[in-house]
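The values are calculated or read from the model by the stated rules, or taken from the named source; none is laboratory data. A quick note: this is a predicted structure, and the numbers were derived from the prediction, not measured. So basically every Cβ, Gly included, is an ideal-geometry build from the backbone, and we count neighbours across all protein chains shown. Quick note on the areas: whole protein, heavy atoms, side chains included, nothing else; ligands and nucleic acids left out. Shrake-Rupley method; radii C 1.70, N 1.55, O 1.52, S 1.80 Å.
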Amino acid sequence: MHQKDGRRTLPHAPGPRVGLAWGDVALWCVLAAATAYGFRDAGAAASPVGDLFLPLAVLAVAVPLSRRRPGTAVALVNGLCALGMADPATPANAHVLSLAALSCLLGARVAAAGRPLLVLAGCLAVDLATCAVLRTPAVWWFYALAVLPAALLLPWLAGRHWRGRRELVREGWRLARSLEERQHLVAERARLTERADIAADMHDSLGHALSLVALRAGALELSPDLTDRDRTDLAELRGTIADAVEQLRETVAVLHDPAGTEPGAGLPVTDTVEDLLGRAVASGVPVRWERQGAAPVLSPLVRRGLYRAVQEALTNAVKHAPDGEIRVRISHGADRTRVSVVNDAPPADRSDAAAEGPATGAGGRGLTGLRERVTVLGGSLWTGPHQGGFRVTAVLPHQVAAAPGTPLPGAVPAPDGPDAGAAHPATGTTTGTPTAPESVTRLTSVRNAARRRSVAAFAAPVVAAAFFVPAAVYLAWQLTTSVLPPSRFDELTLGRPRAELAALLPDHTYPYPPDDTRSAPPPPGTRCEFYRSGRDLLTEVDLYRLCWSGGTLAAKDTVPASRSTVP
């Protein structure tokens with residue numbers, strides 16, 4: 001541990017950078033081993049500085065650089081391959097393995113395809129330019145047009161495919177974690193919904209009933225047949241009921257879901273508005289009500305909202321103006337129903353309590369919940385003083401028209417499958433096509449990208465093969481059919497006619513001798529042809545030159561592979 005300002009600090013644990021450094025060291029060791037093997041296989045003609053130490057130094061720079069600038073690392077190693085074109089024996093070297101490895105890392109570490117393709121095209125242009133500047137034989141050109149592009153393109157496609165698979169797996173695990181979190185949220189929401197249902201039940205039903213009981217007890221106090229002791233007991237009973245109502249409202253405040261989950265969504269309401277008003281009249285509440293227009297067929301949600309609006313307005317009126325007259329009017333229009341509950345001003349002895357208004361304190365929670373319910377159903381609610389009393393007006397549509405994305409109370413979520421757009425089981429309304437969740441959209445995007453990379457990884461070699469394979473086959477056919485074995489070359493005797501030597505000659509001549517060899521002056525009056533002395537396609541071999549004069553072999557020469565002129 002270290003001391004700093006009198007406090008103990010733990011030493012820093014090795015971070016991910018240490019692991020990355022060890023990975024770079026391991027990759028460099030593998031590529032360095034391949035380079036050393038190629039140097040040993042080259043024999044005494046190889047230079048320790050140019051063929052061993054310089055490539056190892058370039059790899060030591062390119063491997064760690066491939067994490068930040070993988071395109072630059074590929075270009076550096078491609079330079080080593082281009083230098084191999086200057087080898088008079090063969091262009092092939094062990095640096096092709098390093099080029100393929102770094103090209104694979106380029107595909108795995110760069111998401112975009114534009115800049116890597118420019119890097120690969122630039123590397124290929126450098127290789128072809130090197131062949132043109134050095135005037136290399138045809139085999140070198142084949143190496144630059146077939147082997148090096150394959151080492152650049154195919155590993156890069158494999159790296160992109162690997163990257164796509166990793167992204168797909170990573171996105172799958174992210175989706176799995178998201179689903180787990182969503183399950184926890186669903187469970188928590190179910191718990192909160194249950195709490196809200198309890199709160200709504202207690203507030204809408206039990207609170208209303210207790211308010212009516214308190215009103216009935218207050219009316220009994222005025223009965224002339226009671227004794228003073230009975231009146232005292234009734235007063236205490238009315239006070240106890242009032243305290244119970246207040247405690248009930250406090251409990252509702254605790255259980256109510258602050259997130260706005262519609263309370264009472266799942267509560268069955270079997271009573272009608274007429275039943276509710278009849279019980280209020282039977283309890284001694286001075287209620288007058290009327291209905292205008294033909295009663296339409298309302299959905300259960302709208303019928304329940306209408307019931308709750310009248311119930312909440314009656315409860316507030318009984319609490320804040322118990323002796324005032326209450327007028328209820330229900331008007332049915334063409335597509336909307338309007339319900340208005342108005343209570344008169346309270347008596348003078350209760351003016352202070354009424355002045356507080358139902359929207360203050362704990363009592364305001366009922367109107368707040370009612371406003372949420374009406375708004376969710378697509379309606380509107382107005383509350384406020386009216387001619388010394390209070391008025392509650394609610395307008396509800398006959399057809400539920402919730403805002404997009406707003407869950408209806410008691411509604412079942414729309415299915416995501418082929419049943420989307422079906423009629424809602426509770427309201428009969430038709431839901432629109434649901435939007436796919438973000439996690440599903442992202443997973444689909446990553447999966448499609450991985451599929452495109454997979455198709456490219458398999459299609460690119462096929463397309464490349466359509467161009468390179470015919471050319472390679474044709475070149476190999478030209479090289480193998482122009483081979484004159486050394487034993488047959490020795491049997492060729494000067495002065496013999498071509499017809500006698502035809503059985504010893506190959507079917508075709510070698511069409512790609514070096515320019516300096518082709519331009520060497522032939523013997524006067526002769527025409528020269530060239531043949532290869534071996535079948536090795538990637539190694540320069542000796543060439544045989546046969547010069548004919550009038551169909552007779554006039555001269556034969558050997559052009560060693562290490563020389564460029566005819567002796």
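Quick notes
- Checking each residue in the range 70-118 for being part of a loop (DSSP other than H, G, I, E, B) and β-branched (Val, Ile, Thr) picks out THR90, VAL110.
- Meets criteria (open to solvent by 50 Å² or more (accessible area, probe 1.4 Å) and farther than 25 Å from TRP477 by Cβ) for ALA86: yes
- Within the range 467-490, being modelled with pLDDT of 70 or more and either within 30 Å of TRP156 (Cα to Cα) or loosely packed, with under 13 Cβ neighbours inside 10 Å (or both) holds for VAL469, PRO470, ALA471, ALA472, VAL473, TYR474, LEU475, ALA476, TRP477, PRO486, SER487, ASP490.
- The set of residues in the range 111-140 being open to solvent by less than 60 Å² (accessible area, probe 1.4 Å) and farther than 30 Å from ARG68 by Cβ consists of CYS131, ALA132, THR136, PRO137, ALA138, VAL139, TRP140.
- Every condition in (1) open to solvent by less than 10 Å² (accessible area, probe 1.4 Å); (2) under 25 Å from ARG195 (Cβ atoms); (3) of a type outside the set (Gly, Ala, Ser) holds for ILE330 except the one numbered (2).
- PRO258 at pLDDT 85 or above and not in a strand (DSSP E or B): no
- THR539 being open to solvent by less than 60 Å² (accessible area, probe 1.4 Å), hydroxyl-bearing (Ser, Thr, Tyr) and either in a loop (DSSP other than H, G, I, E, B) or in contact (Cβ under 8 Å) with a residue 12 or more places away in the chain (or both): yes
- Inter-residue pairs, beta-carbon under 6 Å, first more than 13 Å from HIS386 (Cβ to Cβ) and outside any loop (DSSP other than H, G, I, E, B) and in the range 320-343, second open to solvent by 20 Å² or more (accessible area, probe 1.4 Å) and among the hydroxyl-bearing types (Ser, Thr, Tyr), 6+ apart: ARG338/SER331
- Taking first residues from the range 22-43 that are at negative phi and partners that are assigned to a helix (DSSP H, G or I) and aliphatic (A, V, I, L, M), the Cβ contacts under 6 Å between residues at least 6 apart in sequence or on separate chains come to ASP24/VAL63; LEU27/VAL63; TRP28/LEU59; TRP28/VAL63; LEU31/LEU59; ALA32/LEU56; ALA34/LEU97; PHE39/LEU52.
- When we screen LEU148, LEU157 for residues that are within 37 Å of the chain's Cα centre (by Cα) and farther than 29 Å from PHE530 by Cβ, the only hit is LEU157.
- Qualifying residues in the range 180-196 (those that are open to solvent by less than 80 Å² (accessible area, probe 1.4 Å) and among the hydrophobic types (A, V, I, L, M, F, W, C)) - the one nearest to ARG109 (Cα to Cα): ALA187
- A Cβ distance below 8 Å, combined with a sequence gap of six or more or placement on separate chains, defines the contacts here; from the range 470-487, residues that are under 12 Å from SER533 (Cβ atoms) reach residues that are open to solvent by 20 Å² or more (accessible area, probe 1.4 Å) and among the β-branched types (Val, Ile, Thr) in the pairs SER482/THR509.
- Residues satisfying the stated conditions in the range 517-527, i.e. under 14 Å from THR558 (Cα atoms) and either in contact (Cβ under 8 Å) with a residue 24 or more places away in the chain or open to solvent by less than 40 Å² (accessible area, probe 1.4 Å) (or both): THR517, ALA520, PRO522
- Condition check for VAL297: open to solvent by 10 Å² or more (accessible area, probe 1.4 Å), aliphatic (A, V, I, L, M), out of contact with any helix residue (DSSP H, G or I) (no Cβ under 6 Å at 6 or more places or on another chain) and modelled with pLDDT of 80 or more: yes
- Selection count, the range 85-113, where residues are modelled with pLDDT under 85 and of a type outside the set (S, T, N, Q): 11
- Hits in the range 545-562 (condition: at pLDDT below 90 and either within 60 Å of the chain's Cα centre (by Cα) or aliphatic (A, V, I, L, M) (or both)): VAL559, ALA561, SER562
- Qualifying residue in the range 148-159 (condition: in contact with a Phe, Trp or Tyr (Cβ under 9 Å, 6 or more places away or on another chain), within 30 Å of VAL541 (Cα to Cα) and assigned to a helix (DSSP H, G or I)): yes
- GLY266 vs. criteria at pLDDT below 85, open to solvent by less than 50 Å² (accessible area, probe 1.4 Å) and either not aliphatic (A, V, I, L, M) or not in a strand (DSSP E or B) (or both): no
- Total residues in the range 279-294 satisfying the condition of being modelled with pLDDT under 85 and open to solvent by 40 Å² or more (accessible area, probe 1.4 Å): the figure is 4.
- Any chance ARG350 is surrounded by 19 or more Cβ atoms within 10 Å (Cβ to Cβ), of a type in the set (Lys, Arg) and either at pLDDT 80 or above or not in a strand (DSSP E or B) (or both): no
- Each residue in the range 467-476 was checked for being among the aromatic types (Phe, Trp, Tyr) and more than 16 Å from TRP140 (Cα to Cα), and 1 of them qualify.
- Scan of the range 143-179 for residues that are among the basic types (Lys, Arg) and either at positive phi or open to solvent by 60 Å² or more (accessible area, probe 1.4 Å) (or both), ordered by number: ARG165, ARG166, ARG170, ARG174, ARG177
- Qualifying residues in the range 490-528 (those that are aliphatic (A, V, I, L, M) and part of a loop (DSSP other than H, G, I, E, B)) - the one farthest from GLY550 (Cα to Cα): ALA520
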